[in-house]
Amino acid sequence: MAAPDKAKKESVEDLMKELNTSLNGLTSDEVANRLKQYGYNEIEEKKESPVIRFVKKFWGLVPWMLEVTIVLTYVLHKFLDMYIILALLLLNSIISYVQEYKAGNAVEMLKKKLTVNARVLRDGQWKVVPARELVPGDIVRVRLGDFIPADMKVIDGNVSVDQSALTGESLPVEASKNSLLYSGSIIRRGEATAVVVATADKTYFGKTTQLVQVAKPKLHIQEVIMRIVDYLIVMDAVFIAILLAGSFISHYNIIQVLPLALILLVAAIPVALPAMFTIAMALGALQLAKAGVLITRLNAVEDASSMDVVCMDKTGTITENKLSVAGISPLPSYGKEEVIAYAALASQEATQDPIDIAVLNYAKQSNVKLDSFKQVTFHPFDPSTKRTEAVVEKDGKQFVVMKGAPQILASLSKMDGEQLQAFQEYVNEASQRGYRVIAVGEGPVEAHEGKEKIGIAGLLALYDRPRKDSPALIKELKELGVKPKMLTGDSLPIAKEVAKEVGIGENVIRISELENKDPKEKAKIVDEADGFAEIYPEDKYTIVKGLQAAGHTVGMTGDGVNDAPALKQAEVGIAVSNATDVAKGAASAVLTQEGIANIVDMVKIGRQIYQRMITYTMNKIIKAFQIIVFISLAFMIFRQFATTAFDVVLLLFANDFVTMSIATDSVRYSRTPEKWNVSNLVGAAAIIAVAVVAELMGGMYIAHYMGMPLPELQTFIFDLLVFSGQFTVYVVRERRWFWRSRPSNWLLLSSVADFIAISLISVFGILIPAVSVKVLVVGLVYSLLTTLLLNDAIKEIAFKFYKVQF
């Protein structure tokens with residue numbers, strides 16, 4: 001098997017000797033031996049056992065905290081608490097496993113892509129076999145419309161090859177003897193016989209697969225959850241240590257303090273946090289689906305809020321991935337309409353040649369009438385002559401029309417001297433601007449045989465036109481604080497012209513300019529550049545990783561096989577509507593509508609999801625802080641447990657799970673990328689929590705003043721924790737005064753339902769000791785006044801001091 005780079009340099013004769021094959025093809029025995037040696041022409045996926053993946057969900061800080069709590073409840077014979085916490089552990093693990101199971105199917109898509117048939121010469125006969133059975137040395141015949149299933153070297157024939165799904169280049173490539181055809185490309189014109197030189201993961205296509213396999217996006221949500229847990233664990237450990245030390249110094253029975261330690265441990269576990277984040281992102285995914293964006297990796301919904309750079313593949317993403325006529329320049333003695341007519345007459349739709357299609361479409365759009373012309377003969381594009389030509393008849397008179405490479409038609413024309421120089425200057429100028437230029441000529445029929453000269457009617461400039469919505473999209477992304485960068489395999493002049501036209505910027509450079517640069521300088525160039533030209537698939541992947549290493553949250557849009565590794569690596573990989581299955585499988589989001597305007601929707605909705613998640617996070621930190629600090633202080637001051645471990649577990653359902661309805665809240669999106677600053681969130685939450693703790697201590701004094709026995713006091717405190725927790729949601733969801741925006745109906749409904757349920761439980765003594773209606777009303781009114789009036793003012797101070805913007 002020959003490596004693609006080596007196969008490209010060697011002649012087909014030398015390769016056939018090296019592969020020990022001939023023009024008669026391989027025998028069945030040789031194929032069987034080579035299958036043993038090289039394996040099947042398919043991509044092998046690295047799979048992990050589903051059981052192992054599920055077991056891993058019980059490994060991590062949050063699972064460890066729950067598991068330690070389960071052991072403690074068992075030791076203390078609090079079996080009901082133990083069963084409830086065990087159920088919570090299983091619930092979180094199942095939710096996480098199911099979401100992970102739905103993602104990461106890009107390699108499977110690559111395998112399906114290779115499930116095609118091939119015409120192969122074996123045992124001296126042409127046969128059709130599954131492409132997975134191809135081996136190096138096989139002689140294969142390819143023709144119009146065929147998908148190339150392996151890297152192969154052309155033996156004879158001429159073909160036009162569409163490699164846009166691999167290289168990103170929109171223009172077809174002409175291939176003849178000794179040309180290398182890459183796996184994953186498509187034959188657009190002609191036929192050829194070729195020898196297979198590489199299969200499976202040794203092909204150019206297969207290298208892309210390997211990049212997809214190793215690509216692993218950074219998962220910011222997991223990092224955020226871990227940082228929050230770290231703060232809660234430290235706070236919990238400090239207060240438990242203080243309690244144990246105080247108990248030891250005061251000769252208090254430490255065994256009696258263990259239930260309190262259990263309460264503090266349960267309070268510190270953000271058990272519902274991962275589930276709430278998942279629900280918020282899932283609802284965001286549904287919202288995006290209505291807007292035409294299918295989310296395949298839930299984390300991408302939140303990551304879109306933090307995205308500050310989006311790398312966009314030019315071909316098929318910014319542009320339409322099809323040739324269009326950009327302009328026409330008639331030469332003296334010819335009119336614009338004549339040039340269009342002659343070019344159209346030298347074209348034929350049946351060839352499906354991209355240039356022919358572009359010319360014919362332009363002629364229709366320009367309303368050029370061709371009814372009076374009759375195409376007598378037509379010769380499609382030939383790589384040896386580099387032109388198309390046709391004999392045309394009008395009013396009984398025949399003449400020849402041609403279109404093709406400017407230098408070829410110029411050599412067949414009457415031009416010379418200054419006229420030829422001006423002609424060449426225009427061609428060079430248009431080429432430098434990124435256009436593909438073809439000349440159009442006409443002349444007597446004898447010119448077809450080279451006996452007469454032709455006249456050059458004019459020049460056509462062709463290019464892959466930007467989508468109509470691209471400039472508006474790029475402008476809006478910039479207004480939202482997201483910097484677009486264009487990545488393309490096309491030449492620098494083409495890249496600069498497109499970047500300028502759509503408003504990306506003018507600092508577009510060749511990827512080769514990054515060579516031999518130290519990491520620091522390279523990172524600076526990548527960060528400052530508006531785009532990169534003449535890149536390869538591994539370059540896109542490297543650029544994305546480099547931007548991530550510099551602290552950026554990266555988005556990547558694309559449509560081809562060449563984009564798959566970068567799509568998988570980026571936090572927000574977006575496959576456009578006409579993307580290949582490979583690109584869609586690697587991406588975390590797939591657009592169902594043409595164009596890329598829905599990316600703006602992703603950013604806006606993602607930032608709304610962030611607002612909801614940060615509201616829940618703030619609320620959870622405040623509640624954990626108030627419970628840990630308040631219960632510890634209450635024990636040290638009053639020498640009694642202000643609440644029980646079961647009450648705290650019940651509180652998880654009454655507050656933590658009920659307030660997951662925040663995922664539906666009505667919120668605004670910010671105009672800048674969102675960044676998680678957990679330390680600032682904890683600081684602001686601590687200030688608010690101090691006020692809440694003081695209010696709860698006031699509640700303890702009220703309970704003692706009213707002469708409540710311990711069981712009734714514990715229920716009263718439990719009610720205060722529930723009521724203040726619910727009211728706190730409405731305080732922290734709005735950075736201004738709490739009444740400045742209306743919550744969602746679901747959030748309001750869940751709070752009302754929670755108040756009713758807790759009131760019934762407390763009054764009728766279900767699961768917990770009963771309290772009177774009077775005690776319940778005192779707790780409700782006290783929480784309402786202190787939280788919505790006092791704490792809302794304190795929130796203003798805390799948010800400004802810690803610069804919490806949400």
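The values are calculated or read from the model by the stated rules, or taken from the named source; none is laboratory data. This structure is a prediction, so every number in the text was calculated from the model and none was measured. Please note: Cβ atoms are built from the backbone with ideal geometry, for glycine as well, and neighbour counts cover all protein chains shown. With ligands, DNA and RNA removed, areas are computed over all heavy atoms of the protein, side chains included. Shrake-Rupley method; radii C 1.70, N 1.55, O 1.52, S 1.80 Å.
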Against the condition surrounded by fewer than 24 Cβ atoms within 10 Å (Cβ to Cβ), modelled with pLDDT of 85 or more and among the acidic types (D, E), how does D581 come out, does it pass?
no
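Here's the yes/no breakdown for (1) small (G, A, S); (2) at pLDDT below 80; (3) farther than 21 Å from P709 by Cα; (4) surrounded by fewer than 21 Cβ atoms within 10 Å (Cβ to Cβ):
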| position | (1), (2), (3), (4) |
| --- | --- |
| V600 | no, no, yes, yes |
| Y610 | no, no, yes, no |
| M618 | no, no, yes, no |
| I621 | no, no, yes, no |
| I627 | no, no, no, no |
| L633 | no, no, no, yes |
| V648 | no, yes, no, no |
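Test K545 against the stated conditions and say whether it is open to solvent by 80 Å² or more (accessible area, probe 1.4 Å), free of Cβ contacts under 8 Å to residues at least 12 places away in the same chain and part of a helix (DSSP H, G or I).
Details: open to solvent by 80 Å² or more (accessible area, probe 1.4 Å): yes; free of Cβ contacts under 8 Å to residues at least 12 places away in the same chain: no; part of a helix (DSSP H, G or I): yes.
No: the conditions fail for K545.
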Which residues, taken from the stretch 347-382, are within 19 Å of K394 (Cβ to Cβ), open to solvent by less than 60 Å² (accessible area, probe 1.4 Å) and either among the acidic types (D, E) or part of a helix (DSSP H, G or I) (or both)?
V359, L360, A363
Number of the exception - V498 against (1) over 14 Å from K314 (Cα atoms); (2) modelled with pLDDT under 90
(1)
Taking the condition of being in contact with a strand residue (DSSP E or B) (Cβ under 6 Å, 6 or more places away or on another chain), within 29 Å of V544 (Cβ to Cβ) and crowded, with 20+ Cβ neighbours inside 10 Å, how many residues in the stretch 309-346 meet it?
11
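Among the candidates E425, E449, which residue alone is over 26 Å from G327 (Cβ atoms) and surrounded by fewer than 19 Cβ atoms within 10 Å (Cβ to Cβ)?
Answer to the selection: E449.
Give the stretch 428-443 a look and list any residue that's open to solvent by 50 Å² or more (accessible area, probe 1.4 Å), modelled with pLDDT of 80 or more and not in a helix (DSSP H, G or I), or say none.
R436
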Since A300 meets every condition but one in (1) assigned to a helix (DSSP H, G or I); (2) open to solvent by less than 30 Å² (accessible area, probe 1.4 Å); (3) farther than 22 Å from E479 by Cα, which condition does it not meet?
(3)
Read through the list (1) within 29 Å of K397 (Cα to Cα); (2) open to solvent by 50 Å² or more (accessible area, probe 1.4 Å), then give the number of the only condition that K500 fails.
(1)
Given the conditions (1) open to solvent by less than 50 Å² (accessible area, probe 1.4 Å); (2) touching a residue at least 40 places away in the same chain (Cβ under 8 Å); (3) within 25 Å of Y463 (Cβ to Cβ), every one holds for V391 apart from (3)
Which one of the conditions (1) in contact with a Ser or Thr (Cβ under 9 Å, 6 or more places away or on another chain); (2) buried (at least 16 other Cβ atoms within 10 Å of the Cβ); (3) modelled with pLDDT under 90; (4) not in a helix (DSSP H, G or I) does M415 fail to meet, given that it meets all the rest?
(1)
Test of understanding: among V763, V771, which residue is without any contact (Cβ under 8 Å) to a residue 40 or more places away in the chain, open to solvent by less than 50 Å² (accessible area, probe 1.4 Å) and more than 41 Å from the chain's Cα centre (by Cα)?
V763
So which residues in the stretch 176-190 are touching a residue at least 40 places away in the same chain (Cβ under 8 Å), in a loop (DSSP other than H, G, I, E, B) and open to solvent by 20 Å² or more (accessible area, probe 1.4 Å)?
S176, K177, N178, Y182
Residues located in the stretch 274-292, provided they are small (G, A, S), surrounded by fewer than 23 Cβ atoms within 10 Å (Cβ to Cβ) and part of a helix (DSSP H, G or I):
A275, A282, A285, A289
Residues that are touching a residue at least 24 places away in the same chain (Cβ under 8 Å) and either within 20 Å of Y435 (Cβ to Cβ) or open to solvent by 70 Å² or more (accessible area, probe 1.4 Å) (or both), drawn from the stretch 508-525
V508, R510, K522
Within the stretch 511-522, identify whether any single residue is outside any loop (DSSP other than H, G, I, E, B), small (G, A, S) and more than 22 Å from the chain's Cα centre (by Cα), and answer yes or no.
yes
Only one of (1) in a strand (DSSP E or B); (2) out of contact with any Lys or Arg (no Cβ under 8 Å at 6 or more places or on another chain) is not met by E338, so which one is it?
(1)
So T193 passes all but one of these: (1) modelled with pLDDT of 75 or more; (2) buried (at least 21 other Cβ atoms within 10 Å of the Cβ); (3) in contact with an Asp or Glu (Cβ under 7 Å, 6 or more places away or on another chain); (4) not aliphatic (A, V, I, L, M). Which condition number does it fail?
(2)
For the stretch 19-44, which positions are modelled with pLDDT of 85 or more and either open to solvent by 90 Å² or more (accessible area, probe 1.4 Å) or touching a Cys at 6+ places or on another chain (Cβ under 7 Å) (or both)?
N20, L23, N24, D29, N33, K36, Q37, Y40
Would you confirm whether any residue within the stretch 469-484 is among the β-branched types (V, I, T), outside any loop (DSSP other than H, G, I, E, B) and open to solvent by 20 Å² or more (accessible area, probe 1.4 Å)?
no
Residue tally, condition open to solvent by 60 Å² or more (accessible area, probe 1.4 Å) and either in contact with a helix residue (DSSP H, G or I) (Cβ under 9 Å, 6 or more places away or on another chain) or of a type in the set (G, A, S) (or both), over the stretch 691-706:
3
Out of the stretch 781-796, which residues are β-branched (V, I, T) and either open to solvent by 20 Å² or more (accessible area, probe 1.4 Å) or not in a helix (DSSP H, G or I) (or both)?
V781, T786, I794
